[in-house]
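Below: one structure, written as structure tokens.
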Amino acid sequence: MPFFFAFIVVMGMCGITAQTVLARELLIIFSGNELSIGIMIGNWILWGAIGSYLGGRIVGNGGPPDRIAPAALLLSSCLFPAAIYTVRLFKELAVIPTEVGTGIPTIFSASLLLLMPTSLLHGVAFGVACSFADGASPRASPAGTVYSLDAL
């Protein structure tokens, strides 16, 4: 059980770091404001929710949770530098001049695409970790236990 708690805390640190760094990078390229922050966080939560659903389905179909959660977190961590690099190249790849701001549709679609790998895999790790937490506390819900440790 101590490994479980340590894994969830590390998962939370990785997720908060990735979210903060990617949001900062996206704010720079979008010349962002509060609305763009809201769009980016909404897209992060959307991909995290989809990943959590997929993680739960994988475990429900007999996938080994003790291998899937660490693998998803490791893959997310490996893709994180690539996501930073891709965000920094976005305006060049999208042929948007550096001095030109972007509109809401571009902010939404670009952040949806650029945040997907990291956030989706973090969500998979979260969903799989909830299966570990099933017996951790008799009075707490598994998702609540994982979310509390993740936020710690």
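If I model the stretch 53-130 as equal point scatterers sitting on the Cα atoms and use the Debye formula, what is log10 I(q)/I(0) at q = 0.13, 0.16, 0.21 Å⁻¹? Results for the stretch 53-130 at q = 0.13, 0.16, 0.21 Å⁻¹ read -0.50, -0.66, -0.87. Given R0 = 41 Å, the distance between the Cβ atoms of residue 61 and residue 94 translates into a calculated FRET efficiency of 0.60.
Between the helical axis of 65-93 and the longest alpha-carbon principal axis of the chain there is an angle of about 0 degrees. Maximal additional length on extending the residue 85-residue 108 stretch stands at 6.4 nm, based on 0.36 nm per residue less the C-alpha distance. Annotation for the stretch 1-75: trypsin sites (Lys or Arg not before Pro) lying in DSSP loop with at most 14 further Cβ atoms inside 10 Å of their Cβ do not exist.
Within the accessible area of the chain, the carbon and sulfur atoms contribute 70%, probe 1.4 Å, all protein chains present.
Applying 0.36 nm per residue to the separation of residue 35 and residue 143 and subtracting their alpha-carbon distance, the gain on full extension is 36.0 nm.
Helix 104-132 axis versus longest C-alpha principal axis of the chain: approximately 10°, rounded to the nearest ten. Across the chain the C-alpha pair distances fall into 5 Å bins from zero in the proportions 2, 10, 19, 21, 16, 12, 9, 6, 4, 1, 0, 0 percent. Taking the C-alpha atoms only, the angle from helix 34-60 to the longest principal axis of the chain is near 30 degrees. Normalised per residue, the accessible area of the chain is 55 Å², obtained with a 1.4 Å probe and no contribution from ligands, DNA or RNA.
The values are calculated or read from the model by the stated rules, or taken from the named source; none is laboratory data. Everything quoted here is computed from the prediction, not taken from an experiment. Glycine also receives a Cβ, built like all others from the backbone with ideal geometry; neighbour counts cover every protein chain displayed. All accessible areas refer to the heavy atoms of the entire protein, side chains included, with ligands and DNA or RNA removed. Shrake-Rupley method; radii C 1.70, N 1.55, O 1.52, S 1.80 Å.
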